[in-house]
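Engineer: Take a look at the following structure, please.
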Amino acid sequence: MTTVKTATRESYGNALVELYKKHDDIIVMDADLAAATKTGIFKKAYPERHIDCGIAEANMMGMAAGISTTGLVPFVSTFAMFAAGRAFEQVRNSIGYPHLNVKIGATHAGISVGEDGATHQCNEDIALMRTIPGMVIINPSDDIEARAAVTAAYDHDGPVYMRFGRLAIPVINDRADYKFELGKGVTLREGTDATIIATGLCTGASLEAAEKMAQRGLDVGVINIHTIKPIDKEIIVKAAEKTKKIITVEEHSVIGGLGGAVCEVLSENCPSTVLRIGVNDCFGHSGPATALLHEFGLDAEGIDNKVSSFLK
Amino acid sequence: MRKNIITATFNAKSGHPGGSLSAADILSYLYFEEMNVDSKAPHDENRDRFVLSKGHAAPALYSVLALKGYIPAKDLKTLRHIDSYLQGHPDMKHTPGVDMSTGSLGQGISAAVGMALSAKVQNKSFRIYAMLGDGELQEGQVWEASMFAGSHGLDNLTVVVDNNNLQIDGTVREICSPYPIGEKFRAFNFHVINIDAHDFDQIRAAFKEAKSSKGKPTAIIAKSIKGKGVSFMENAVGWHGKAPNEEQYKQAMQELEKNGEVSA
Ligand SMILES: Cc1ncc(C[n+]2csc(CCOP(=O)(O)OP(=O)(O)O)c2C)c(N)n1
Ligand SMILES: [Mg+2]
């Protein structure tokens, strides 16, 4: 059997086309990366509703803020580095502070950007966006969740940061009863020895790691946190109460991202031992995406190794 | 030079051949004729500096650094590989001869202005060269940097705009036109020179003129052809960020061979 693999940026481009069919008040913006962010798919379908702002991300965020005050809902896209990084202050002051209805579709997040290297591998965006009051952050784990996230972002009134990846990843949410609820974590696997709390493309890898560990008698649960803010405190505290040991896994710095958010919740509500797996306070570098994920210990093998030794 | 670019991107299976080829002639002129640099002393504090603000043209910079002996030519084949120091975008920490880490457009020129200001503050005579893409001109930071350079009369700074008229999503004119480019720099108190980016006589004359211009930084608007030298890459927007396959690689190398290109 071949597993279907889709990059969540692709899901984003496709979802925008579907969204416009239902809601003709959306407008899509990009900064000379339409081919890469996949808003190009939308541009092809509805060229009159796609604005290419040129290589000027800060200006694009400011324009989106203005557009959102006039009755349209902008979906603004560029790489995570330039959306959360380059334009941070514009997002904070022109979108976050007035709590405007702007949806940021940030693609090419994390080290799985691959060959472009450190200047383009954003491992800091979740941390940055999390500090903006009222900002919602969604980091989907596969194609199905990414498309659901786009609709959820539209339905939510206020700023939303959606984090998408460049690398094609397997579908893990193809269940008949799949439902996306903003702010709600999803238990993908029950376990008694420890719980992995994962986000984004690390969710599938964590599930795979848990299956491997199960074969060796380690019973590890897996929770998918697609909404990093507001975070699902209840599911995190319950998991800590049940299994005591918690592991967070993300393609992001271990500082300020999912690991940080989970530790904040637990330190106040259920002090626990937490192992944060992510990018360990260092920059990435060039290389093929899957080889980098392996090197940084973010594939199933790496997660398995780290969790196994943590539980020893 | 161009062969190196094609070889590097072919072996990387990714990278930016188009904007590297359009920049190739000016880069080789800078390193072979213009700049006071020595590959044996890449950190000499009095050396001239080059900042590749359009950092995605790293293959062009690495090619010339190899030809000048900063790095072994055989390493070009490791571009973008996981165990290579040759990063997708220039990395000053790990590559000798790279004066500034770049890759996020619009930022290199600010660093170049900082270097030029510092030379003035320290009464040093080294010169600073920066190369920008024409799409890159859309970044507001470029104009913040230019306003400072012009307003402070940094005549030790020469900015080159690689005016190939293309960015990723189309022509710069249709996406968000930076034209008239020369007039914009002139309004920011730059001395402006227009040249053909592939004519060495014009290149030589322009940099000479820049050196003799006093009290103002110089902007050289270099009309170029993206993908220059490889017929199927020339003026083709699709060759911005794509590596040639085996067949395309062979054809490109043959064409460059015919034109008498040497490789390192
Ligand atoms: C701040 C920033 N935004 C976006 C990008 C992605 N990007 C890389 S190259 C490029 C197009 C550059 O066009 P141009 O400056 O004209 O370069 P050239 O045609 O010389 O290759 C873009 C948008 C980037 N590297 N940095
Ligand atoms: Mg260009």
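Engineer: Percentage of Cα-Cα pair distances in segment B:25-115 greater than 24 Å, rounded to whole percent?
Structural biologist: 12 percent
Engineer: State the answer as a single residue: which of A:M81, A:L128, A:N101 lies farthest towards the positive end of the charge dipole of segment A:5-170, with beta carbon charges of +1 for Lys and Arg and -1 for Asp and Glu, about the Cα centre.
Structural biologist: Toward the positive end, the furthest listed residue is A:N101.
Engineer: Return the long-range amide H neighbours of A:R189 (sequence gap of 5 or more, or a different chain), with a cut-off of under 5 Å between placed amide H atoms.
Structural biologist: A:V222
Engineer: Right, next: Which residue, B:T78, B:T102, B:T158, tops the fluctuation ranking in a GNM of chain B built on C-alpha contacts under 10 Å?
Structural biologist: Top of the fluctuation ranking is B:T78.
Engineer: Within a 10 angstrom radius of the beta carbon, how do A:C282, A:C270 rank from fewest other beta carbons to most?
Structural biologist: Starting with the residue having the fewest Cβ neighbours, the order is A:C282, A:C270.
Engineer: A further question follows. Among B:M92, B:G153, B:L132, which residue has its Cα furthest toward the positive end of the charge dipole of segment B:72-161, with +1 on Lys/Arg Cβ and -1 on Asp/Glu Cβ?
Structural biologist: Ranked along the dipole, the leading option is B:M92.
Engineer: Please compute, for peptide A:44-54, the average count of beta-carbon atoms on other protein chains lying within 10 Å of each residue's beta-carbon.
Structural biologist: 2
Engineer: Another one. From the convex hull of the Cα coordinates of segment B:182-264, what is the mean projected area in square nanometres?
Structural biologist: So the mean shadow area of the Cα hull is 7.4 nm².
Engineer: By what distance, in whole Å, do the Cα atoms of chain B stretch along each of the three principal axes, largest value first?
Structural biologist: Result for chain B: principal-axis Cα extents of 51, 44, 33 Å.
Engineer: Take segment B:104-171, drop everything but the C-alpha atoms, weight them equally and run the Debye formula without solvent; then report log10 I(q)/I(0) at 0.18, 0.22 Å⁻¹ to two decimals.
Structural biologist: Log10 I(q)/I(0), no solvent term: -0.64, -0.88.
Engineer: Name the residues whose placed amide hydrogens come within less than 5 Å of the amide hydrogen of A:I27, ignoring near sequence neighbours (fewer than 5 apart) on the same chain.
Structural biologist: Distant-sequence amide H within range of A:I27: A:V73, A:F75.
Engineer: Another question about this same structure. Roughly how many nanometres apart are two label points built 7 Å out from the Cα toward the Cβ at B:A205 and B:E234?
Structural biologist: Taking the simple label geometry, B:A205 and B:E234 are separated by 2.3 nm.
Engineer: State the Kirkwood hydrodynamic radius of segment A:186-307 in Å, one decimal place, computed from all pairs of distinct Cα atoms.
Structural biologist: About 14.2 Å for segment A:186-307.
Engineer: Follow-up question, since we're still on this one. Over chain A, what is the percentage of antiparallel beta bridges among all DSSP beta bridges, to the nearest 5?
Structural biologist: Roughly 15 percent of the DSSP beta bridges within chain A come out antiparallel.
Engineer: Could I ask something else about it? Label A:K22 and A:E241 with points 7 Å out from Cα along Cα→Cβ: what is the distance between them in nm?
Structural biologist: The two pseudo-label positions are separated by 3.5 nm.
Engineer: Would you list the membrane-span-like helices of chain A, meaning whole DSSP H runs whose alpha-carbon atoms span at least 24 Å along their axis and whose mean Kyte-Doolittle value is at least 1.0?
Structural biologist: none
Engineer: Normalised by the number of residues in segment B:181-264, what is the relative contact order in percent for Cα pairs under 8 Å and 6+ residues apart?
Structural biologist: Worked out over segment B:181-264, it gives 24 percent.
Engineer: Same structure, new question: Segment B:1-79: which trypsin sites (Lys or Arg not before Pro) are DSSP loop and have at most 14 other beta-carbon atoms within 10 angstrom? Kindly include the intermediate steps, with their values, before the conclusion.
Structural biologist: On the way: sites: B:R2, B:K3, B:K13, B:K40, B:R47, B:R49, B:K54, B:K68, B:K74, B:K77; in loops: B:K13, B:K40, B:R47, B:K54, B:K68.
Of the trypsin sites (Lys or Arg not before Pro), the ones in loops of segment B:1-79 whose Cβ has at most 14 other Cβ atoms within 10 Å are B:K40.
Engineer: Does the protein assembly as shown come out rounded, prolate or oblate by the C-alpha gyration tensor, with a ≥ b ≥ c the root eigenvalues, rounded set by a/c under 1.5 and, if not, prolate when a/b is larger than b/c and oblate if not?
Structural biologist: It comes out prolate by the Cα gyration axes.
Engineer: Round to a whole angstrom and tell me the spacing of the C-alpha centers of segment A:254-290 and segment B:1-45.
Structural biologist: When both Cα centres are located, 39 Å separates them.
Engineer: Let me make sure I get this right: for segment A:5-170, a, b and c are the square roots of the gyration tensor eigenvalues over alpha carbons, sorted descending. Under 1.5 in a/c it's rounded, otherwise prolate if a/b > b/c, else oblate. Which is it?
Structural biologist: rounded
Engineer: Can you list the aspartates and glutamates whose alpha carbon is less than 16 Å from that of A:K238, not counting same-chain residues fewer than 8 positions off?
Structural biologist: A:E190, A:D193, A:E264, A:E268
Engineer: OK, next. For segment A:150-239, state the semi-axes of the equivalent ellipsoid (square roots of 5 times the eigenvalues of the alpha-carbon gyration tensor), sorted largest first and rounded to whole angstrom.
Structural biologist: 25, 16, 11
Engineer: Let me ask another. Roughly how many debye, to the nearest 20, is the charge dipole of the protein assembly as shown about its Cα centre, given +1 on each Lys and Arg Cβ, -1 on each Asp and Glu Cβ, and no other charges?
Structural biologist: Values: 59 positive and 69 negative charges, 119 e Å.
The calculated dipole for the protein assembly as shown is roughly 580 debye.
Engineer: Give me A:L72, A:L19, B:L157 ranked fewest to most by other Cβ atoms within 10 Å of their Cβ, as a rough exposure proxy.
Structural biologist: On the way: A:L72 14, A:L19 21, B:L157 31.
Least to most surrounded, the residues fall as A:L72, A:L19, B:L157.
Engineer: About the Cα centre of segment A:186-307, how large is the charge dipole given +1 on each Lys and Arg Cβ and -1 on each Asp and Glu Cβ? Please answer in debye to the nearest 20.
Structural biologist: 240 debye
Engineer: Okay, next question. Summarise the partner chain shielding of B:91-99 as one whole number: the mean count of Cβ atoms from other chains within 10 Å of each residue's Cβ.
Structural biologist: 1
Engineer: In what order do A:L201, A:L258 fall by count of nearby beta-carbon atoms within 10 Å, going from fewest to most?
Structural biologist: By the 10 Å Cβ count, ascending, the order reads A:L258, A:L201.
Engineer: Reachable lysines from B:K77, Cα under 28 Å, same-chain residues fewer than 8 places away excluded?
Structural biologist: Partners within reach: B:K3, B:K13, B:K40, B:K54, B:K68, B:K93, B:K226, B:K228, B:K242, B:K250, B:K258.
Engineer: While we're here: Under a straight-distance cross-link criterion of Cα-Cα below 18 Å, which lysines are reachable from A:K44, leaving out those fewer than 8 residues away in the same chain?
Structural biologist: List returned: A:K21, A:K22.
Engineer: Quote the Stokes-Einstein diffusion coefficient, in whole µm² s⁻¹, for chain A, based on the Kirkwood radius over alpha carbon pairs, a temperature of 20 °C and a viscosity of 1.002 mPa s.
Structural biologist: The calculation lands on 111 µm²/s.
Engineer: Loop-only check: which trypsin sites (Lys or Arg not before Pro) in segment A:234-277 are DSSP coil with at most 15 other Cβ within 10 angstrom?
Structural biologist: Those satisfying the criteria are A:K244.
Engineer: I've got another one for you. Taking every residue in A:108-120, how many Cβ atoms of other protein chains lie within 10 Å of its Cβ, on average?
Structural biologist: What the average comes to for A:108-120 is 5.
Taken together, the values in this text are just the output of simple stated rules run on the coordinates, not laboratory data. As the structure is a prediction and not an experimental result, all values here were calculated from the model. Virtual Cβ from ideal backbone geometry, glycine too; neighbours counted across all protein chains shown.
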